[in-house]
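In what follows, a structure is listed as structure tokens, so that the remarks can point back to it.
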Amino acid sequence: MLRIDASVLDYAIIAIYFVVVLGIGFGAKRLLKTDLDFFLSGRSLPAWITGLAFIAANLGALEVLGMAANGAQYGVATVHFYWIGAIPAMVFLGIVMMPFYYGSKVRSVPEWLRRRYNRPTHLFNAISFALATVLISGVNLFALGLVLSLMLGWSISTAIVIAAFIVLAYITLGGLTSAIYNEVLQFFIIMAALVPLVTVALIDVGGIGGLADQIRQSDLGEPGLHAWEGLGIGGDNPLGANWIATVFGLGFVLSFGYWTTNFAEVQRALSANNMSAARRTPLIAAYPKIFIPALVVIPGLVALVTVDDFGSGSSPATEYNNAIPALIAEYLPSGMLGIAVTGLIAAFMAGVAANVSAFNTVVTYDLYQDYIRRDADPAHYIRFGRIATVVGIGISILTAFIAKGYDNIMNYVQLLFSYFNAPLFATFIIGMFWRRATPWGGFAGLVAGTFGAFMTHQLYSRGTIEIASPLAADFWGAIVAFVLDAVVTVVVSLATQPKPVEELRGLVWGMAEGTDVKLSRRDRLWWRNPKVLGAGAIVIVIILNIIFI
Amino acid sequence: MAEETTEFSEDQVEKAASLLDIRKIIGGLLGVYGLLLLGAGLFASEADKEKAAGVNINLWVSLALLLASVLFIAWGFTRPLVDELEEGDEGFTADEPGTRAQP
């Protein structure tokens, strides 16, 4: 059963949270002076704030429901999303790519494409990004509505409208500062919800050892306890993917594509107060991120062994996506129950807000300002940004119902990423490291890559090609998109005219700008050095991979 | 659009001074939650404990939340935001060599 018996205390905890969230919106409104304040927090935030917002922006439905679902469905192999995927990508973003983003002073990811390639590439990406963000924010909104309806008995539409209205209020009031401050707050509430839940669940199943024993007897069996076992070509493993699909598809293409080119993430780093803080944003985020699997995979595994028929989907409580809500209902008494439900609400609202705040920035700067109205005063763009926010939330509500058709939210989202992020990553990497790549090469590659991901999905869903699981199909879709994008970009580039090198200043490898700015005394401390931070995260991840081999 | 610079202007420092300090907000909210859970923990019924694998989870979590709350608020008061920014500012204005050896 997912339905909880929420007391006055639990409702009070939820209500206090809503009040504080709105209060942050009103507080942040006082700080607004220019359009840059609204869309990029005036590039004024310290690294620890942008770093925590960087994780929280991603710690939405995707993570809390989707990763727990993966934990129950695929077992410990789910850690690949973190240790092969997210962490190396975040380190790469901080060390290699951030100088080009922050140093070139672009205000968005599509803007980098405009300056490196041309307007058609920019327009194509700005539109497809705007579309992707509202789809993903719709996933979060739907998850929120569903969980509140299952747990509290609210109607799905009431829950969606309340949550959408609150997010709308704090973003239209305070812009990105308000979104980011709330994300930092949300991060701590989510931790306060998940850490006690995992602790109680583990005590109940007899600790890690007890859980492992019970997993061996479950359908997952021994492979469910290992990250790499059975991942050889032709081997049998719960993920249904071999190591090529995992390392290249998930690790390299999907994760690097997501973390390094998704503006909803990169925007957090662009709001940092200097180059050092911008580079440290994803690196500071990497450390907590390493340990988040413990908070989402363990509940998935516990649900698998404690909930009867878990995974059969015969009732909401046995659906993979609902592992964490099922455990909350099972283990937490009034009080902690309120914190846990607030944690879920916080996570999903962060997922909506992050995407909507990226959406309004891209729509305002990259579509409205670039193609419709240049040179208006800042107040005009802030006003337009507020309207874009309202429209973005409105579309998110509609897209929420598209997410309904997918049994594992993660599969749906990875599908979206294989369409939008995988080709983009190829266009970025080639553009940054190969000065010869031409404007039209970039455009042709991006279009071809997106088409490639679309075709792979079509062929798979019609049964023309066989792949072991929907997740593995998305990995392969990403690989096809990436390779096709790269090949087309290179071929078309060789046949067309490159940009004069002078126009590439600040945008390509070897021509970075802003890295030679004098660091402040505090930023020169060894533990603030991006390379030291990045290397530390990689070492921890390698050790963990060996432990869980 | 106005061209921005990496240096901090007077305006930015002044703005930082008036920034909402998110540390105090986090500390405040965790503190309120800690007190509410402390109440629930002190008056926990046997059924509550039994549900949570025999642990008085509200009590334990309330102690952790109160501790976190105190740490955040203390951090907020000992290092005001404006200090952090002014110190960051120093690196841009002082005419000492750019990257000197690590201390």
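Taking each residue of the stretch A:457-479 that is outside any helix (DSSP H, G or I) and looking for partners that are open to solvent by 50 Å² or more (accessible area, probe 1.4 Å) with beta-carbon atoms closer than 7 Å, six or more apart or interchain, yields A:465/A:459; A:467/A:460; A:467/A:476.
Scanning the stretch A:24-35 for residues being surrounded by 16 or more Cβ atoms within 10 Å (Cβ to Cβ) and closer than 20 Å to residue B:21 by Cα gives a total of 7.
Remark: pairs (first residue in the stretch A:160-171, within 14 Å of residue A:387 (Cα to Cα); second residue of a type outside the set (D, E, K, R) and not in a helix (DSSP H, G or I); Cβ separation under 9 Å; 6+ apart in sequence or on different chains) are absent. Filtered by the rule that a residue be more than 25 Å from residue A:19 (Cβ to Cβ), surrounded by 15 or more Cβ atoms within 10 Å (Cβ to Cβ) and more than 7 Å from chain A (Cβ to nearest Cβ), the stretch B:45-64 gives B:49, B:56, B:59, B:60. Got a number for residues in the stretch A:342-381 being more than 9 Å from chain B (Cβ to nearest Cβ) and within 30 Å of residue A:12 (Cα to Cα)? The qualifying residues number 15. Of all residues in the stretch A:291-316, those that are crowded, with 24+ Cβ neighbours inside 10 Å and among the acidic types (Asp, Glu) total 0. Would you check if there is a residue in the stretch A:207-229 being open to solvent by 10 Å² or more (accessible area, probe 1.4 Å), in contact (Cβ under 8 Å) with a residue 12 or more places away in the chain, of a type in the set (Val, Ile, Thr) and touching a helix residue (DSSP H, G or I) at 6+ places or on another chain (Cβ under 6 Å)? The answer is no; no qualifying residue exists.
In the stretch A:1-17, what count of residues is obtained for those that are surrounded by fewer than 16 Cβ atoms within 10 Å (Cβ to Cβ), in contact (Cβ under 8 Å) with a residue 40 or more places away in the chain and either not hydroxyl-bearing (Ser, Thr, Tyr) or not in a helix (DSSP H, G or I) (or both)? Final tally of qualifying residues: 5. Scanning the stretch A:490-531 for residues that are modelled with pLDDT of 85 or more, over 30 Å from residue A:448 (Cβ atoms) and either assigned to a loop (DSSP other than H, G, I, E, B) or among the small types (Gly, Ala, Ser) (or both) gives a single hit, A:529. One residue is enough: does the stretch A:112-126 have a residue meeting the conditions aromatic (Phe, Trp, Tyr), free of Cβ contacts under 8 Å to residues at least 60 places away in the same chain and part of a helix (DSSP H, G or I)? Taking every residue of the stretch A:112-126 in turn, none turns out to be aromatic (Phe, Trp, Tyr), free of Cβ contacts under 8 Å to residues at least 60 places away in the same chain and part of a helix (DSSP H, G or I).
On inspection, residue A:373 does not qualify as more than 26 Å from the chain's Cα centre (by Cα) and under 16 Å from residue A:171 (Cβ atoms).
Okay, residues lined up against (1) in contact with a helix residue (DSSP H, G or I) (Cβ under 7 Å, 6 or more places away or on another chain); (2) small (Gly, Ala, Ser):
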site	(1), (2)
A:55	yes, no
A:70	yes, no
A:77	no, yes
A:82	yes, no
A:95	yes, no
A:106	yes, no
A:111	yes, no
A:115	no, no
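Selection over the stretch A:317-339 of residues that are open to solvent by less than 40 Å² (accessible area, probe 1.4 Å) and in a helix (DSSP H, G or I) gives a count of 16.
Candidates A:51, A:71, A:66, A:23: the one that is in a helix (DSSP H, G or I) and modelled with pLDDT under 85 is A:66. Those residues that are open to solvent by 40 Å² or more (accessible area, probe 1.4 Å), of a type in the set (A, V, I, L, M) and modelled with pLDDT of 70 or more, I need them from the stretch B:65-103; list them, please. Listed by number, the residues that qualify are B:66, B:67, B:70, B:71, B:73, B:74.
Entry remark, the stretch A:155-186: residues being open to solvent by 10 Å² or more (accessible area, probe 1.4 Å) and either at the interface with chain B (Cβ under 9 Å from one of its Cβ atoms) or under 24 Å from residue A:365 (Cβ atoms) (or both) number 5 in total.
The single condition from (1) touching a Gly at 6+ places or on another chain (Cβ under 9 Å); (2) more than 14 Å from chain B (Cβ to nearest Cβ); (3) open to solvent by 60 Å² or more (accessible area, probe 1.4 Å); (4) more than 30 Å from residue A:225 (Cα to Cα) that residue A:442 fails is (3). You will find that of A:96, A:21, A:91, the residue that is in contact with a Gly (Cβ under 6 Å, 6 or more places away or on another chain) and either away from chain B (no Cβ under 13 Å) or open to solvent by less than 30 Å² (accessible area, probe 1.4 Å) (or both) is A:91 and no other.
Scan (1) open to solvent by 30 Å² or more (accessible area, probe 1.4 Å); (2) aliphatic (A, V, I, L, M); (3) farther than 21 Å from residue A:176 by Cβ for the single condition residue A:413 breaks and write down its number. Condition (1) is where residue A:413 drops out. Quick one: in the stretch A:253-301, of everything that is farther than 22 Å from residue A:197 by Cα and hydroxyl-bearing (Ser, Thr, Tyr), which residue is nearest to the other protein chains (Cβ to nearest Cβ)? Filtering the stretch A:253-301 for residues that are farther than 22 Å from residue A:197 by Cα and hydroxyl-bearing (Ser, Thr, Tyr), the one nearest to the other protein chains (Cβ to nearest Cβ) comes out as A:276. The single residue among A:89, A:72 that is under 20 Å from the mean Cα position of the chain (by Cα) and small (Gly, Ala, Ser) turns out to be A:89. Looking at this structure, is residue A:339 within 14 Å of chain B (Cβ to nearest Cβ), touching a Phe, Trp or Tyr at 6+ places or on another chain (Cβ under 8 Å) and within 15 Å of residue A:142 (Cα to Cα)? No, not satisfied. Residue A:272 versus (1) of a type in the set (Gly, Ala, Ser); (2) modelled with pLDDT under 90; (3) in contact with a Pro (Cβ under 9 Å, 6 or more places away or on another chain): which is the lone unmet condition? Single failed check for residue A:272: (2). Scanning the stretch A:263-279 for residues that are assigned to a loop (DSSP other than H, G, I, E, B) and open to solvent by 10 Å² or more (accessible area, probe 1.4 Å) yields A:273, A:274.
Residues in the stretch B:45-60 that are outside any helix (DSSP H, G or I) and more than 30 Å from the chain's Cα centre (by Cα): B:45, B:53, B:54. Scanning the stretch A:510-549 for residues that are surrounded by 15 or more Cβ atoms within 10 Å (Cβ to Cβ) and aromatic (Phe, Trp, Tyr) turns up just one, A:548.
In summary, residue A:534 fulfils each of the numbered conditions (1) assigned to a helix (DSSP H, G or I); (2) within 14 Å of another protein chain (Cβ to nearest Cβ); (3) not charged (D, E, K, R) with the single exception of condition (2).
The values are calculated or read from the model by the stated rules, or taken from the named source; none is laboratory data. Quick caveat, the model's predicted, so the values are computed rather than measured. Every residue, glycine as well, gets a Cβ built from its backbone with ideal geometry; the counts of neighbours run over all protein chains shown. Side chains included, ligands, DNA and RNA excluded: accessible areas come from the protein's heavy atoms. Shrake-Rupley method; radii C 1.70, N 1.55, O 1.52, S 1.80 Å.
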